[in-house]
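See structure below.
The values are calculated or read from the model by the stated rules, or taken from the named source; none is laboratory data. Fair warning: this is a prediction, and the values are worked out from it, not measured in the lab. Neighbour counts run over all protein chains shown; Cβ positions are idealised from the backbone, glycine included.
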Amino acid sequence: MELKNISFANKTGIITGAAQGIGKAIATQFVEMGGKAVIVDINAETAEQTCKELGNAVYYTVDLSDGDEVVRVFEQIAAEQGRIDVLINNAGIVNTDDFATLEREKWDKVLAVDLTAVFLICQVVFRHMAEKGGGRMVNIASVAGKVGGGFLGTSAYAAAKAGVISLTKSIAKSGSDQNIYCNSVCPAYTKTPLVSILTGEREKKVLEGMTLHRAASPSEVANAVLFLASDAASFVQGENLNCDGGLLMNG
Ligand SMILES: NC(=O)c1ccc[n+]([C@@H]2O[C@H](COP(=O)([O-])OP(=O)(O)OC[C@H]3O[C@@H](n4cnc5c(N)ncnc54)[C@H](O)[C@@H]3O)[C@@H](O)[C@H]2O)c1
């Protein structure tokens, strides 16, 4: 497929955390390009509102920190939606505590939402895609996972996101023979509610590191994600794409 022909017509895509932020931008473009969005989020009210705005969308609610519920809900989605062509693991939470004082409970929560849920969801959807002849997964990591974190997330977040990058490669290795693709994207500072705490001097410092000297809009990150979710990325497998305004330059 050529880039100019990218379309998600007749395709169903699950996007986690799509009630707002980057996930909402991904779901919006996915629907605009002909697809049906399945939004999975903890926030029913915002998810319902987003669904109404998008039109060709449905939503399911689940707290991704509850592993048993994650498996139950994704098995339900696979059964009810018939075929899942695309999976975008986008939902995430941050923690900015100092390493020395980070409590075990908070570590567990970040790892549960940002890494274990990604593993569980990919596993359920992998089995489904294998049965149906293939599909495309994109996991949202973060530059924090490559540099040990920063203002936008410290040790737990950085460790979880590093895990997502590596897990992605491992799923890609298992998926290639079954026409299942798995790639990841590392955004840097992107203007969403998640990073509303980043203001003043701290924001200035982050922007100094990005050679474009500005934050991304959610739709700029969505562009990178949807390229990888499309058949135009038919020779890209297990790759991590920085979408970071020139921060790491492939580091
Ligand atoms: N915004 C940034 O600067 C930035 C930078 C790098 C990576 N990221 C990553 O991009 C992804 C999206 O971030 P965002 O900025 O759009 O965040 P956001 O906070 O704006 O949106 C996150 C969404 O996930 C949902 N969510 C949170 N916890 C959940 C849970 N336990 N169960 C189910 N849903 C849950 C929220 O309700 C929300 O709709 C995250 O994985 C984040 O780590 C963001």
| query | Which residues, taken from segment 190-229, are small (Gly, Ala, Ser) and out of contact with any strand residue (DSSP E or B) (no Cβ under 9 Å at 6 or more places or on another chain)? | reply | Ser196, Gly200, Ser219, Ala222
| said: Just to be sure I understand, how many residues within segment 46-63 are within 10 Å of the ligand (Cβ to nearest atom) and not in a strand (DSSP E or B)? | reply: 5
| message | Tell me yes or no: at least one residue of segment 75-82 is of a type outside the set (Gly, Ala, Ser), closer than 15 Å to Cys122 by Cα and free of Cβ contacts under 8 Å to residues at least 60 places away in the same chain. | response | yes
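Matching residues to (1) assigned to a helix (DSSP H, G or I); (2) within 11 Å of the ligand (Cβ to nearest atom):
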site: Ala156; (1), (2): yes, no
site: Leu167; (1), (2): yes, no
site: Cys182; (1), (2): no, no
site: Cys186; (1), (2): no, yes
site: Glu208; (1), (2): yes, no
site: Ala222; (1), (2): yes, yes
| When segment 5-19 is examined, which residues are found to be outside any loop (DSSP other than H, G, I, E, B) and either under 20 Å from the mean Cα position of the chain (by Cα) or modelled with pLDDT of 95 or more (or both)? | Thr12, Gly13, Ile14, Ile15, Thr16
| Looking at Glu103, Glu53, Glu80, Glu69, which one is among the acidic types (Asp, Glu) and under 26 Å from Asp231 (Cα atoms)? | Glu80
| task | Determine which member of the set Ser217, Ser196, Ser176 is surrounded by fewer than 22 Cβ atoms within 10 Å (Cβ to Cβ) and more than 12 Å from the ligand (Cβ to nearest atom). | result | Ser176
| Residue, farthest from Gln81 (Cα to Cα), within segment 116-147, restricted to residues that are within 14 Å of the ligand (Cβ to nearest atom), surrounded by fewer than 23 Cβ atoms within 10 Å (Cβ to Cβ) and without any contact (Cβ under 8 Å) to a residue 60 or more places away in the chain | Thr116
| field | Flag if Lys24 is touching a Pro at 6+ places or on another chain (Cβ under 8 Å), more than 23 Å from Met129 (Cα to Cα) and among the charged types (D, E, K, R) | value | yes
